[in-house]
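Colleague: Got a structure for you, questions after.
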Amino acid sequence: MTDDTCARRAEAVRDRYRATLGAVPGGVQERLRLAQDFDRLPTEEAIAALRHIVLTDSPLGGRVQQLVHFGQLLALGRAHPARIHARGALHAGAGIPDLIGVAETALITAGVPAYALGTEIIAELTPAEGTEQVRDPVGPGLPDADVVHEEFREPRVGAERAQGDPVDARGTAKDLRK
């Protein structure tokens, strides 16, 4: 496969993520780089095709499907992908009240930790005091397809969170007694 063909096919995969999430997550960028470097692009194309079927051809519709993903990820305690799908839900037409409803449902199905994670994510997406609009999850400030913005970068195992929480990327508490 020529470099030009490979680049066009990788860009088509990125376009599918932009359509459902409004941006290309850093983890996807990394996977595409590896797929191109090692001639494994068909794997990424298959994943993108399956995601397209599940997310956009779903009887639930894109908005509800993104809200379901957000709720499931809250219940699993998966902060980073939950953030991506919260933004994806807003991109698909959901509002902050929809996200709050999902977080409240997570409270019942998965407990206070899931609810707390949901409200933390929602708070990040709401306007600061004195502003009138919700921060646009797909507008200015989000990465171009070729740029991996920190908020879309997959956390590395053992990395400290930006807030300095003593937790590794899996959410496991670190031993601070050392």
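Colleague: Since residue 88 meets every condition but one in (1) closer than 22 Å to residue 27 by Cβ; (2) modelled with pLDDT under 55, which condition does it not meet?
Modeller: (2)
Colleague: Within segment 6-54, which residues are without any contact (Cβ under 8 Å) to a residue 40 or more places away in the chain, hydroxyl-bearing (Ser, Thr, Tyr) and buried (at least 17 other Cβ atoms within 10 Å of the Cβ)?
Modeller: Result: 17, single match.
Colleague: In addition: Select, from 40, 9, 33, the only residue that is touching a Leu at 6+ places or on another chain (Cβ under 6 Å) and farther than 19 Å from residue 91 by Cβ. Outline the logic, then answer.
Modeller: Numbers: 40 fails: touching a Leu at 6+ places or on another chain (Cβ under 6 Å); 33 fails: touching a Leu at 6+ places or on another chain (Cβ under 6 Å).
Result of the check over 40, 9, 33: 9.
Colleague: What about residue 87, is it open to solvent by 80 Å² or more (accessible area, probe 1.4 Å) and under 18 Å from the mean Cα position of the chain (by Cα)? Step through it out loud before you land on a result.
Modeller: On the way: open to solvent by 80 Å² or more (accessible area, probe 1.4 Å): no; under 18 Å from the mean Cα position of the chain (by Cα): yes.
Taking the combined requirement at face value, the residue does not satisfy it.
Colleague: Modelled with pLDDT of 95 or more and within 16 Å of the chain's Cα centre (by Cα): does that describe residue 76? I'd like the intermediate steps shown before the answer.
Modeller: Values: modelled with pLDDT of 95 or more: yes; within 16 Å of the chain's Cα centre (by Cα): yes.
So residue 76 passes the test.
Colleague: For residue 44, work out the one condition from (1) under 24 Å from residue 125 (Cβ atoms); (2) at pLDDT 95 or above it doesn't fulfil.
Modeller: All conditions are met except number (1).
The values are calculated or read from the model by the stated rules, or taken from the named source; none is laboratory data. Just so it is clear, the model here is predicted, and its values are computed rather than measured. Quick reminder, even Gly has a Cβ in these numbers, built from the backbone with ideal geometry, and neighbours come from all protein chains shown. Side chains included, ligands, DNA and RNA excluded: accessible areas come from the protein's heavy atoms. Shrake-Rupley method; radii C 1.70, N 1.55, O 1.52, S 1.80 Å.
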